[in-house]
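See structure below.
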Amino acid sequence: MAKGKDHRASEAPGPARLGRAVYEKELFRLQADLVTAQEWVRDSGARIIVIFEGRDAAGKGSAIKRVAQYLNPRVARIVALPTPTERQRSQWYFQRYIEHLPAAGEIVLMDRSWYNRGGVEHVMGFCAPLEHTRFLAQCPVLERLLDDDGILLRKAWF
């Protein structure tokens, strides 16, 4: 590489940045739509869980902050579970998540979820191969049961 030459100059350009004014206008419109959806959830008794999944520093926290910014905390709540305790490690894997599912008229915004078992825990050796295999078998069943019971499950991958 030639002295003083910026190595990034040879890289393909990324997508054009959205202008600040356009971003703010669109964000405001989308947040207004979320408030309307929140009112529908409250009035209809719907139950929604939105899972924000992805690696560290992928933007999950910022996205959750923007989604929740104008929502009523009595209707929409954020769940970010800490590392499981020894007691929780001895329970059925999904048990610690079940207590955070939404009741009628609630939206739960989940910062990470049960998918850690399928990815991070497996890759990092934090779960045994049998636990990983059991997760892969049980996860679709759990999600089907949530759907069958009327819980609207949405997933955002970062």
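The values are calculated or read from the model by the stated rules, or taken from the named source; none is laboratory data. Small disclaimer: the values here were computed from a predicted structure and weren't measured. Methodologically, a virtual Cβ is constructed for each residue, glycine included, from the backbone with ideal geometry; neighbour enumeration extends over all protein chains shown.
What pairs can you find where one residue is in region 74-101 and in a helix (DSSP H, G or I), the other is charged (D, E, K, R), and their Cβ atoms are less than 9 Å apart, with a gap of 6+ or different chains?
GLN88/ARG96
Go through region 63-72 and give me each residue that's assigned to a loop (DSSP other than H, G, I, E, B) and either in contact with an Asp or Glu (Cβ under 8 Å, 6 or more places away or on another chain) or at pLDDT below 95 (or both).
Matches in region 63-72: GLN69, TYR70.
Restrict the check to region 122-135 and report whether at least one residue is under 18 Å from the mean Cα position of the chain (by Cα) and either acidic (Asp, Glu) or loosely packed, with under 15 Cβ neighbours inside 10 Å (or both).
Among the residues of region 122-135, not one is under 18 Å from the mean Cα position of the chain (by Cα) and either acidic (Asp, Glu) or loosely packed, with under 15 Cβ neighbours inside 10 Å (or both), which makes the answer no.
When VAL108 is evaluated against the numbered criteria (1) without any contact (Cβ under 8 Å) to a residue 60 or more places away in the chain; (2) surrounded by 17 or more Cβ atoms within 10 Å (Cβ to Cβ), which criterion, by number, is the only one it fails?
It fails just one condition, (1).
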